[in-house]
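The values are calculated or read from the model by the stated rules, or taken from the named source; none is laboratory data. Here the structure is a predicted model, which is why all the values come from computation and not from measurement. Cβ sites come from the backbone with ideal geometry, for glycine too, and all protein chains shown count toward neighbours.
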Amino acid sequence: MSELMHVGVDLGGTTTKMALIDESGKMIDKWAIATNTIDNGSHIASDIGASIVRKLGQLQIDRSEISGIGMGAPGFIDMATGFVYKAVNIGWENYPLKDELEKLTGMPAIIENDANLAALGEMWLGAGQGARNIVCITLGTGVGGGIICDGEILHGVSGMAGEIGHITVLPKNGAPCNCGKSGCLETVSSATGIRRLALEALDYNDSDSILRDIFEDKGDISAEDVFDCAEKKDPLSLVVAEKAAYYLGYTLGAISMVVNPEKIIIGGGVSHAGNTLLLPLTKYFKKFSLPRAFESCTIDVARLGNDAGVIGGAWLAKTKIGRIRTV
Ligand SMILES: [Zn+2]
């Protein structure tokens with residue numbers, strides 16, 4: 001029997017990325033379509049299904065050559081049923097994504113949370129290659145997390161395992177979070193959180209700072225500005241970067257005491273800060289972990305960028321559906 005190919009889909013709020021990947025991980029084709037969120041996202045599944053069917057037609061690939069579709073979606077997902085309980089940015093509530101996708105394409109599908117999917121992608125072909133115990137953390141607008149134990153995503157009883165961004169790091173006086181709580185990691189270590197910390201620092205500190213110059217020039221600052229200025233040794237920016245790294249290091253130290261990872265992979269826009277983030281982060285991770293756990297773990301930057309999700313999706317199709325189909 002010839003080797004199967006796998007479809008990976010990564011649904012985002014504005015764009016949906018898709019890829020066709022072979023058994024060895026080679027990208028045969030990748031493409032993207034706009035995510036149509038009107039009418040509570042009711043066109044999304046049919047748009048994706050039609051796009052996959054069209055692409056296979058163009059490439060003259062028969063459905064029998066495909067294991068299935070591995071798809072990531074934002075929000076809370078029931079892995080067993082492929083049901084999306086709630087995906088605010090998409091407009092879905094209690095949406096039977098797996099069933100819809102299977103009906104539309106005639107291929108089996110498997111649904112996973114998007115952050116978990118990215119973690120699987122990094123494990124297969126990215127910074128986590130060769131490791132089977134991985135913590136992936138994405139620092140973007142929010143903080144996403146995916147935990148892999150012995151090669152499998154950790155879901156927990158209701159799919160909430162790995163929601164690292166909503167670990168409380170400031171039990172008192174924390175800023176409000178999108179989840180409804182306050183003081184979550186996301187409020188201090190996401191790009192949004194770092195920007196907020198920097199604006200606060202500029203507000204109660206009137207010292208000279210090149211970050212302040214940028215703020216006065218542009219009327220705003222970004223997390224990227226903070227790390228750029230920190231790299232130039234701007235004192236105020238260094239304090240903010242250190243603070244973001246402190247809470248992240250604290251969280252990762254605690255997580256390492258629970259799952260003892262071999263790799264911690266940092267992705268998302270904030271990871272572009274490189275050593276300006278990684279050096280203080282490693283310092284605090286060491287401080288809050290036990291020596292044996294610290295020494296057996298390396299912190300690395302994600303390598304697959306925007307492709308991590310579709311690659312993780314193909315991995316899911318390959319490992320979770322492929323097996324069933326080839327029997
Ligand atoms: Zn939260």
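Residue count for the stretch 255-278 under the criterion of being surrounded by 14 or more Cβ atoms within 10 Å (Cβ to Cβ), over 16 Å from the mean Cα position of the chain (by Cα) and touching a residue at least 24 places away in the same chain (Cβ under 8 Å): the result is 9.
Could you identify the single residue in S190, S182 that is more than 9 Å from the ligand (Cβ to nearest atom) and at pLDDT 95 or above? Selected residue: S190, the only one of S190, S182 that is more than 9 Å from the ligand (Cβ to nearest atom) and at pLDDT 95 or above.
Condition check for S158 on (1) surrounded by 24 or more Cβ atoms within 10 Å (Cβ to Cβ); (2) in the same structural domain as V239 (by TED's automatic domain parsing): one failure, at (1). The set of residues in the stretch 189-201 that are surrounded by 15 or more Cβ atoms within 10 Å (Cβ to Cβ) and either within 17 Å of the chain's Cα centre (by Cα) or of a type in the set (D, E) (or both) comprises S189, S190, A191, T192, G193. Of the helices (runs of 4 or more DSSP H) that lie entirely inside the stretch 249-316, those containing 3 or more residues that are small (G, A, S), closer than 30 Å to I21 by Cβ and in contact with a helix residue (DSSP H, G or I) (Cβ under 7 Å, 6 or more places away or on another chain) span 308-316.
Conditions tested, residue by residue: (1) closer than 30 Å to G253 by Cβ; (2) outside any loop (DSSP other than H, G, I, E, B); (3) touching a strand residue (DSSP E or B) at 6+ places or on another chain (Cβ under 6 Å).
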site: G70; (1), (2), (3): no, yes, yes
site: A80; (1), (2), (3): no, no, no
site: V84; (1), (2), (3): no, yes, yes
site: K98; (1), (2), (3): no, yes, yes
site: L104; (1), (2), (3): no, yes, no
site: I110; (1), (2), (3): no, yes, yes
site: M123; (1), (2), (3): yes, yes, yes
site: A127; (1), (2), (3): yes, no, yes
site: T138; (1), (2), (3): yes, yes, yes
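Beta carbons closer than 6 Å, at least 6 apart along the sequence or on distinct chains, never pair a first residue in the stretch 50-62 that is in a helix (DSSP H, G or I) with a second that is exposed (fewer than 14 other Cβ atoms within 10 Å of the Cβ) and of a type in the set (K, R).
Within the stretch 165-187, residues that are more than 14 Å from Y250 (Cβ to Cβ) and free of Cβ contacts under 8 Å to residues at least 24 places away in the same chain have Cβ atoms under 9 Å from residues that are among the charged types (D, E, K, R) and near the ligand (Cβ under 8 Å from one of its atoms) in these pairs: H166/K181; H166/E186; C177/E186; C179/E186, counting only partners at least 6 apart in sequence or on another chain. Within the stretch 156-170, is there a residue that is within 16 Å of the ligand (Cβ to nearest atom) and more than 21 Å from the chain's Cα centre (by Cα)? Looking for residues that are within 16 Å of the ligand (Cβ to nearest atom) and more than 21 Å from the chain's Cα centre (by Cα), one finds at least one in the stretch 156-170, hence yes.
Within the stretch 2-29, the set of residues being surrounded by fewer than 18 Cβ atoms within 10 Å (Cβ to Cβ) and either free of Cβ contacts under 8 Å to residues at least 24 places away in the same chain or among the basic types (K, R) (or both) comprises E3, T14, T15, D22, S24, K26.
Do we have P176 as surrounded by fewer than 17 Cβ atoms within 10 Å (Cβ to Cβ) and within 15 Å of the ligand (Cβ to nearest atom) here? Yes.
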